[in-house]
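Engineer: Below you'll find the structure I mean.
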Amino acid sequence: MKKYVCVVCGYVYDPEVGDADAGVAEGTAFENLPEDWVCPVCGVDKDQFEEA
Amino acid sequence: MKAVEMKKGIYWVGGIDWDIRNFHGYLTQRGTTYNAYLIIDEKITLVDTTKYYLVDELLERVSSIVDPSKIDYVISNHVEMDHSGGLPRVMEIAKNATLVTAPNGAKGLAKHYDTSSWNIKTVSTGDKLELGKRSIEFILTPMVHWPDNMVGYMPEEKILFSNDSFGQHIASSERFDDEFPSEIIIEEAKKYYANIVMSYGMQVGRELKEASGLDIEMIAPSHGLIFRKHVKEIIDSYVKWSSNIVGKKALIVYDTMWGSTKKMAYALQDAFEEKGYMTSMKNLQNNHISDIITEVLDVEYICVGSPTLNNNMLPTVASFLTYLKGLTPKNRKAIAFGSYGWGGQSVAQIEQYLSDSKFDIKLSKRLLYIPSEENLEELKEELKKLL
Ligand SMILES: Cc1cc2nc3c(=O)[nH]c(=O)nc-3n(C[C@H](O)[C@H](O)[C@H](O)COP(=O)(O)O)c2cc1C
Ligand SMILES: [Fe+2]
Ligand SMILES: [Fe+2]
C-alpha cells in the first residue's frame, strides 16, 4: 500500500500505521480513509495529499 | 539606529516593538522584537525582516553598515507578517536581490504580497547557499508553527538562524542572553513555546533531532534575545517541553460568580497539597489565558471549574477551553468541577471539551449552590483517593 504526503505540512500517512487518534486502524489504505478525515498535523482535507 | 555586531561581519538589524501588548491574543507584557540579520560577505544577505511598521528601523540599521540596495539575497524563513511585513519595501529597494525561501514560503508569500516581480529561489532541506567565505544550509521545519517555516545554519560561524523556534517576546536594548536576566529569557521562551509551538511537539522533536547533529555556538531567533551563553539550556528546555515531561503539579483554573466554584477549587487544592503536589490557582478574572497556558506545560493535572450561567459555562472558561484545545497538550490528567443552581450543565460541557482535547478525565463534580463543609470534605477525600 502506498504512503501519502500532505503537501501543506509534510505529514506522511503510512497505511501500515494508520491514525489511531482518529480511529483509523493499521492497514487502512489511503483510499479507504473516510472522506472527512483530515491531516492530523495541520488539519487540511484529504485532497491536499499526494502519493509519496 | 545602529546595527549590532554579533560576529565579525554579521549584524542584528531588526526592529524593537516596545509598545505591543497584544500579539494575536497573546499578552506580551514585555513587548517584542522582530529580529533580522545582515551578513556581509561576497554576497550581502538579509535574514528575515520585521513587521511592516518597523521596516524603516530595519533599513536604517542596514544603512549603518551598507547601502540596502546592495543586498544580494533576502532569506525568508517564515511567511507570517511579523517577519515578512518588511519584504515589499526591502525588495523594492534591493532591486537585484534574490528572495530565498521554502516552496511553501513562495506559495504563502504570493498570497500576502504581489511577488510577481520578485526573483524567487526555493530551497529544501540540505540545500546550501554560498555567500562567499560563508554559507547557509537550510532545514525545512514545517508546522513549527506554519507550513512554510524553515531555519538556516551557518557552519563556518556555527550560527543557527532559527526564526520562531527558541524565540521570546521581549523588547529590550540588550541583544544577547548574557546581558539580560536569563530566568526571564527562559520564562518568556517557555510562554512562547506553550502559546505558539505546543501543538507541534512532534515536529519540534524532528527539528531537534536535525539540530542535534549541528555544532551550534549561537542561536539567532526571530524574537527576543540571541543565545550565545545559554545555548544548551534553551535546547534542553525545548527537549523537555516537547516530550511532555510533567512534574507533580496541579493547575486549577476556574471562574466564579458568587464564590461557590472557588470554594470547590480550594478544596481540590487542599487535597493536592495533602498528597504532596505543587498547586497553582488561576482565577480567569485575574489571569490572562496566554499566561495560564504557560503553566499547562509541565503539570500532571489540570482542573477546570465553572458555575452554570444560563445553561452554559462562563464565557471566560469557554474561551480558555477553546484556547487549550487548540494547543493540544498530551498525556495530561483532568478534572471538571463547578457549582450550579438548577440545570447545572457547565460541568458536563467542560468534560466534553476536555475529552475532545484527549485529556484523561479522572473526576467530574458538580455541587448545588453553596457547598457545605461536608460536601467539600467529600470532594477532597474523593480526589485524595485518586492521587
Ligand atoms: C498562531 C497561529 C496559528 C494558526 N493556525 C492555523 C491553523 O491551524 N489552520 C489554518 O488554516 N490557519 C492557521 N493560521 C493562519 C491564519 O488563519 C491566517 O494567517 C489568516 O489569514 C489570518 O486571518 P486574519 O488576518 O483575519 O487574522 C494560524 C495563524 C497563527 C498566527
Ligand atoms: Fe510565526
Ligand atoms: Fe514570529
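Laboratory data are not the source of any read-out in this text; all were calculated from the coordinates shown. Model, not experiment: these values are computed from the prediction. Virtual Cβ from ideal backbone geometry, glycine too; neighbours counted across all protein chains shown.
Engineer: I'm trying to understand the selection: among the residues of segment B:192-206, which are within 14 Å of residue B:221 (Cβ to Cβ) and away from ligand 3 (no atom under 13 Å from the Cβ)?
Structural biologist: Passing the criteria: only B:204.
Engineer: Considering (1) closer than 25 Å to residue B:248 by Cβ; (2) crowded, with 19+ Cβ neighbours inside 10 Å, say which one residue B:386 fails and leave the rest.
Structural biologist: (2)
Engineer: Sort out which residues of segment B:80-137 are surrounded by 19 or more Cβ atoms within 10 Å (Cβ to Cβ), away from ligand 2 (no atom under 16 Å from the Cβ) and assigned to a helix (DSSP H, G or I), and write them in order of number.
Structural biologist: B:90, B:91, B:106
Engineer: Would you pick out the residues in segment B:334-344 that are crowded, with 19+ Cβ neighbours inside 10 Å and free of Cβ contacts under 8 Å to residues at least 40 places away in the same chain?
Structural biologist: B:334, B:336, B:340
Conditions (1) over 9 Å from the mean Cα position of the chain (by Cα); (2) within 14 Å of chain B (Cβ to nearest Cβ); (3) exposed (fewer than 11 other Cβ atoms within 10 Å of the Cβ), marked per residue:
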{"position": "A:1", "(1), (2), (3)": "yes, no, no"}
{"position": "A:6", "(1), (2), (3)": "no, yes, no"}
{"position": "A:15", "(1), (2), (3)": "no, no, no"}
{"position": "A:18", "(1), (2), (3)": "no, no, no"}
{"position": "A:22", "(1), (2), (3)": "yes, yes, no"}
{"position": "A:27", "(1), (2), (3)": "yes, no, no"}
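Engineer: Only one of (1) farther than 28 Å from residue B:333 by Cα; (2) within 14 Å of chain A (Cβ to nearest Cβ) is not met by residue B:225, so which one is it?
Structural biologist: (2)
Engineer: Does residue B:318 satisfy being of a type in the set (Gly, Ala, Ser), under 26 Å from the mean Cα position of the chain (by Cα) and over 19 Å from residue B:269 (Cβ atoms)?
Structural biologist: So residue B:318 passes the test.
Engineer: Scan segment B:224-267 residue by residue and report those that are farther than 27 Å from residue B:37 by Cβ, among the polar types (S, T, N, Q) and not in a loop (DSSP other than H, G, I, E, B).
Structural biologist: Residues satisfying the conditions are B:260, B:261.
Engineer: Find all pairs meeting these conditions: Cβ atoms under 6 angstrom apart; at least six residues apart or on different chains; first residue within segment B:345-366 and within 14 Å of chain A (Cβ to nearest Cβ); second residue of a type in the set (S, T, N, Q) and in a strand (DSSP E or B).
Structural biologist: If the second residue must be of a type in the set (S, T, N, Q) and in a strand (DSSP E or B), no pairs are left.
Engineer: Exactly one of (1) touching a strand residue (DSSP E or B) at 6+ places or on another chain (Cβ under 7 Å); (2) more than 14 Å from every other protein chain (Cβ to nearest Cβ) is unmet by residue B:149. Its number?
Structural biologist: Only one criterion is unmet by residue B:149, namely (2).
Engineer: Can you name the residue in segment B:138-166 that is within 13 Å of ligand 2 (Cβ to nearest atom) and without any contact (Cβ under 8 Å) to a residue 60 or more places away in the chain and, of all such residues, is farthest from residue B:291 (Cα to Cα)?
Structural biologist: B:147
Engineer: Looking at (1) surrounded by 19 or more Cβ atoms within 10 Å (Cβ to Cβ); (2) in contact with a strand residue (DSSP E or B) (Cβ under 8 Å, 6 or more places away or on another chain), which one does residue B:300 not meet, given that it meets all the others?
Structural biologist: For residue B:300, the failing item is (1).
Engineer: Could you tell me whether segment B:199-209 includes any residue that is surrounded by fewer than 19 Cβ atoms within 10 Å (Cβ to Cβ), under 21 Å from residue B:127 (Cα atoms) and away from every other protein chain (no Cβ under 14 Å)?
Structural biologist: Yes: one or more hits.
Engineer: Let me ask another. For segment B:134-143, which residues satisfy the criterion of being in contact with a helix residue (DSSP H, G or I) (Cβ under 8 Å, 6 or more places away or on another chain) and more than 10 Å from chain A (Cβ to nearest Cβ)?
Structural biologist: B:139
Engineer: Something else now. Given (1) β-branched (Val, Ile, Thr); (2) exposed (fewer than 14 other Cβ atoms within 10 Å of the Cβ); (3) outside any loop (DSSP other than H, G, I, E, B), identify the lone condition not met by residue B:370.
Structural biologist: With respect to (1) β-branched (Val, Ile, Thr); (2) exposed (fewer than 14 other Cβ atoms within 10 Å of the Cβ); (3) outside any loop (DSSP other than H, G, I, E, B), residue B:370 is out only on (3).
Engineer: May I ask you to list the residues in segment B:76-103 that are within 16 Å of ligand 3 (Cβ to nearest atom), farther than 20 Å from residue B:24 by Cα and within 14 Å of chain A (Cβ to nearest Cβ)?
Structural biologist: If the condition is that a residue be within 16 Å of ligand 3 (Cβ to nearest atom), farther than 20 Å from residue B:24 by Cα and within 14 Å of chain A (Cβ to nearest Cβ), then B:102 is the only one that fits.
Engineer: Just give me the residues in segment B:139-178 being in contact with an Asp or Glu (Cβ under 9 Å, 6 or more places away or on another chain), among the aromatic types (Phe, Trp, Tyr) and within 14 Å of ligand 3 (Cβ to nearest atom), in sequence order.
Structural biologist: Across segment B:139-178, the qualifying residues are B:146, B:161.
Engineer: Then there is this: Of the residues B:367, B:354, which single one is closer than 21 Å to residue B:302 by Cα and more than 31 Å from the chain's Cα centre (by Cα)?
Structural biologist: B:367
Engineer: Just the residues that are away from ligand 2 (no atom under 14 Å from the Cβ) and assigned to a helix (DSSP H, G or I), please, taken from segment B:181-198.
Structural biologist: Once the filter is applied, which keeps residues that are away from ligand 2 (no atom under 14 Å from the Cβ) and assigned to a helix (DSSP H, G or I), segment B:181-198 yields B:182, B:183, B:184, B:185, B:186, B:187, B:188, B:189, B:190, B:191, B:194.
Engineer: Separate question: Need at least 2 residues that are within 16 Å of ligand 1 (Cβ to nearest atom) and away from chain A (no Cβ under 14 Å) per element, so show me which strands (runs of 3 or more DSSP E) inside segment B:1-71 make the cut, counting only ones lying wholly within it. First the steps, then the outcome.
Structural biologist: Values: elements: B:4-7, B:10-12, B:15-17, B:32-34, B:37-39, B:45-47.
Once the strands (runs of 3 or more DSSP E) in segment B:1-71 are filtered for at least 2 residues that are within 16 Å of ligand 1 (Cβ to nearest atom) and away from chain A (no Cβ under 14 Å), what remains is B:32-34.
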